[in-house]
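Here the structure is laid out as structure tokens; the discussion comes afterwards.
The values are calculated or read from the model by the stated rules, or taken from the named source; none is laboratory data. Just so it is clear, the structure is predicted and the values come from calculations on it, not from any experiment. So basically every Cβ, Gly included, is an ideal-geometry build from the backbone, and we count neighbours across all protein chains shown.
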Amino acid sequence: MEALVSIALGVLAASGVYLILRPTTFSVVLGLTLLSYAVNALIFFGARLKSGAPPLSIPGLADQTDPLPQALVLTAIVIGFGMTAYLMALALKGKAESGTDHVDAGERK
Amino acid sequence: MMAHLPVFPVLIPLLAAIVLLLATNAGTGTKQAISAVALGFLVSAAGAQIIAAGDGSIHVYRLGDWPAPYGIVLVLDRLSALMVALTAALAVPVFFAATSGTDTRGPHFHAFLQFQLMGLNGAFLTGDLFNLFVFFEILLLASYGLLTHGGGLRRARAGITYVVLNLSGSALFLIALGLLYGLLGTLNMADFGLALQKVAPADQAAVAVMCGLLVSVFLLKAAVLPLGFWLPNVYTSATLPVAALFVIMTKVGIYAIYRIVTIGLSAAPFTAGLLQPWLTWLALGTIGLGCLGMLAATSLGFVVANLVLISGGTLLLAAAEPSATAISAALYYMVQTSLVTGALFLFADAAGRQRGDAPLSGFIGKIMMMQALRESPHWVLVWTALIVSGFVAALVLARVASVFFWEPGAPGVPEKPEVPYEPAPGLSLALVLMTIAILAVSFLPAHFVSYSSAAAEQMIARDAYVPAVIGDPAAIERERRP
């Protein structure tokens with residue numbers, strides 16, 4: 001299970017990095033989205049993989065998982081979502097003003 | 001009332017920003033009045049914090065009253081109070097400078113300014129690494145708005161680069177935090193050092209890598225080589241009052257490195273020497289890059305942006321040798337250099353409108369840094385870098401002054417049509433305030449130095465900070481993770 005999850009996260013992150021390095025803004029936004037999926041899942045799995053155990057912290061309860069990563073990942077998802085929306089708006093503005101989606105549009109040659 | 005003092009610098013700008021958003025359709029005068037009142041309260045709170053932390057006590061504010069390390073705490077010590085006060089000292093002149101025409105180029109300038117101040121103050125006050133991430137995002141989101149304020153293709157493009165860079169940085173920050181929590185079981189800064197001491201030998205390599213990743217995110221924010229190439233373009237794309245405020249943003253990265261090195265990494269043997277082989281060379285490289293950039297600069301804004309790079313590199317030298325004397329000198333230099341570079345950005349704004357006089361450079365702070373770093377193994381290189389960068393800065397600023405003010409038709413300066421004299425009382429007032437602050441720091445150094453050395457000793461000692469935040473370390477029940 002650990003190996004499978006690690007490979008999935010690695011592929012997700014690698015695809016994200018590849019897309020971030022592409023020359024059009026749209027690919028960059030998609031790449032950041034994939035990367036943030038990978039990161040959010042990584043935080044979540046920081047509590048270790050354990051199924052059927054409640055996310056509680058009760059002394060004496062034998063089978064429980066750490067609830068804090070779930071709180072952390074919620075915050076991270078919301079922030080990442082807001083940032084991506086802002087970046088999208090900025091990219092649209094850049095495209096409207098320069099007429100192209102290329103990341104170097106408007107550079108002084 | 002005083003018990004709630006640590007949270008005021010976060011709440012005041014937040015409330016002001018909410019009111020400003022509700023008053024979007026109000027006139028410029030109303031918005032300026034709201035922003036000014038909030039800044040007045042913020043300056044009072046910052047002053048009260050300096051007094052409250054000045055006696056060496058550590059004020060812990062438990063948000064939601066959950067005890068640390070489980071709940072999130074704000075911690076007010078001398079360093080936090082100093083950084084909050086420095087932010088306020090920059091924000092007031094920036095506000096006045098922005099009232100000279102910049103703030104009317106978009107509806108939300110003052111709301112962004114207040115959100116930015118909220119994020120900055122929160123980042124300086126928080127005692128929790130994940131909360132630090134949240135405040136980083138708040139200040140970044142506000143800075144995206146401030147950077148693109150005024151519109152135009154160049155700002156939109158610079159904005160996209162800046163946002164993508166910082167989102168990638170945030171992803172790395174989250175990877176480091178997620179795995180550090182998985183390995184250590186805590187993200188509280190005071191508990192971080194204690195948890196590092198208990199890491200099993202098998203986990204030490206993974207923890208060291210994550211600590212390095214965390215610090216490299218802060219290096220990106222502080223614009224240190226090789227992660228510093230973004231800074232000159234971004235800062236010169238922003239309107240100049242905004243660039244003056246952004247000076248403090250690189251200092252957030254430096255502050256985070258100082259904090260994490262003194263409170264966390266130096267606590268455990270396997271992380272104490274982790275950064276020393278790298279930071280000195282990165283700092284020297286950054287100073288060199290800044291010098292080259294200054295010599296190649298074609299505009300005053302670009303010169304000052306490279307000065308920001310040089311001051312970031314200089315401040316990083318103290319993190320490589322975190323002794324009390326080095327950090328004390330660095331804190332004094334940080335105050336001086338932030339005010340000087342901020343003032344120079346405002347001055348560049350004024351130079352476009354009228355003629356003025358150039359302020360001082362961060363000379364005393366650099367001398368103190370040189371004395372403090374005499375024990376460093378690389379002291380010859382460090383001294384050379386500091387002297388050469390100071391010399392280059394003096395040379396370039398003198399050249400700028402002569403080209404701008406005495407040679408109207410000099411090569412490299414395009415002949416501009418004579419701009420009619422426009423009175424800019426806000427900008428003039430901002431420059432006067434900045435000059436007074438710089439003169440006070442430069443010519444009355446005794447007060448500032450005694451405060452900065454006390455702050456540095458408090459940071460190095462750790463023995464007051466850790467018990468104040470988490471009480472008796474032995475009482476924390478720490479589960480052993482599989």
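Computed quantities for the displayed model
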item	result
All positions within segment B:132-157 that are hydrophobic (A, V, I, L, M, F, W, C), within 12 Å of another protein chain (Cβ to nearest Cβ) and within 15 Å of residue B:241 (Cα to Cα)	B:142, B:147
Residue pairs meeting the criteria (Cβ under 7 Å; at least 6 apart or on separate chains; first at pLDDT 90 or above, in segment B:197-221; second of a type in the set (Ser, Thr, Tyr) and buried (at least 16 other Cβ atoms within 10 Å of the Cβ))	B:208/B:271; B:211/B:271; B:221/B:250
Test: residue in segment B:119-131 that is over 22 Å from residue B:50 (Cα atoms), more than 14 Å from chain A (Cβ to nearest Cβ) and not in a loop (DSSP other than H, G, I, E, B)	no
Any hit, segment B:455-471, residues being among the hydrophobic types (A, V, I, L, M, F, W, C), modelled with pLDDT under 75 and assigned to a loop (DSSP other than H, G, I, E, B)	no
Every residue from segment B:432-453 that is under 16 Å from residue B:244 (Cβ atoms) and either of a type in the set (Gly, Ala, Ser) or touching a Cys at 6+ places or on another chain (Cβ under 8 Å) (or both)	B:437
Considering residues of segment A:21-37 that are among the aliphatic types (A, V, I, L, M) and more than 8 Å from chain B (Cβ to nearest Cβ) only, the residue surrounded by the most Cβ atoms within 10 Å (Cβ to Cβ)	A:29
Residues being touching a Lys or Arg at 6+ places or on another chain (Cβ under 7 Å) and over 15 Å from residue B:155 (Cα atoms) - total across segment A:80-104	1
Checking residue A:40 against (1) outside any helix (DSSP H, G or I); (2) of a type in the set (S, T, N, Q); (3) within 9 Å of chain B (Cβ to nearest Cβ), the condition it does not meet	(1)
First in segment B:139-165 and of a type in the set (Lys, Arg), second anywhere and part of a loop (DSSP other than H, G, I, E, B) and buried (at least 22 other Cβ atoms within 10 Å of the Cβ), Cβ under 6 Å, 6 or more apart	B:155/B:148
Cross-chain or 6+ apart pairs with Cβ under 6 Å, segment B:90-107 first and outside any helix (DSSP H, G or I) and among the polar types (S, T, N, Q), then at pLDDT 80 or above and surrounded by fewer than 24 Cβ atoms within 10 Å (Cβ to Cβ)	B:99/B:32
Neighbours by Cβ (under 9 Å, 6+ apart or cross-chain): first from segment B:29-58, closer than 13 Å to residue B:91 by Cα; second hydroxyl-bearing (Ser, Thr, Tyr) and assigned to a helix (DSSP H, G or I)	B:42/B:87; B:46/B:87
Qualifying residues in segment B:196-224 (those that are small (Gly, Ala, Ser), surrounded by fewer than 24 Cβ atoms within 10 Å (Cβ to Cβ) and out of contact with any Phe, Trp or Tyr (no Cβ under 8 Å at 6 or more places or on another chain)) - the one nearest to the other protein chains (Cβ to nearest Cβ)	B:206
Conditions (1) touching a Lys or Arg at 6+ places or on another chain (Cβ under 9 Å); (2) modelled with pLDDT under 85; number of the one not met by residue B:65	(1)
Selection from segment A:84-99 of residues that are at pLDDT 80 or above and loosely packed, with under 14 Cβ neighbours inside 10 Å	A:85, A:89, A:96
Members of segment A:89-101 found to be more than 10 Å from chain B (Cβ to nearest Cβ) and in contact (Cβ under 8 Å) with a residue 40 or more places away in the chain, listed by number	A:101
Residue ranges of helices (runs of 4 or more DSSP H) in segment B:229-276 with at least 3 members closer than 14 Å to residue B:320 by Cα and not charged (D, E, K, R)	B:240-259
Members of segment A:43-83 that are in a helix (DSSP H, G or I), β-branched (Val, Ile, Thr) and either surrounded by 18 or more Cβ atoms within 10 Å (Cβ to Cβ) or more than 11 Å from chain B (Cβ to nearest Cβ) (or both)	A:43, A:73, A:79
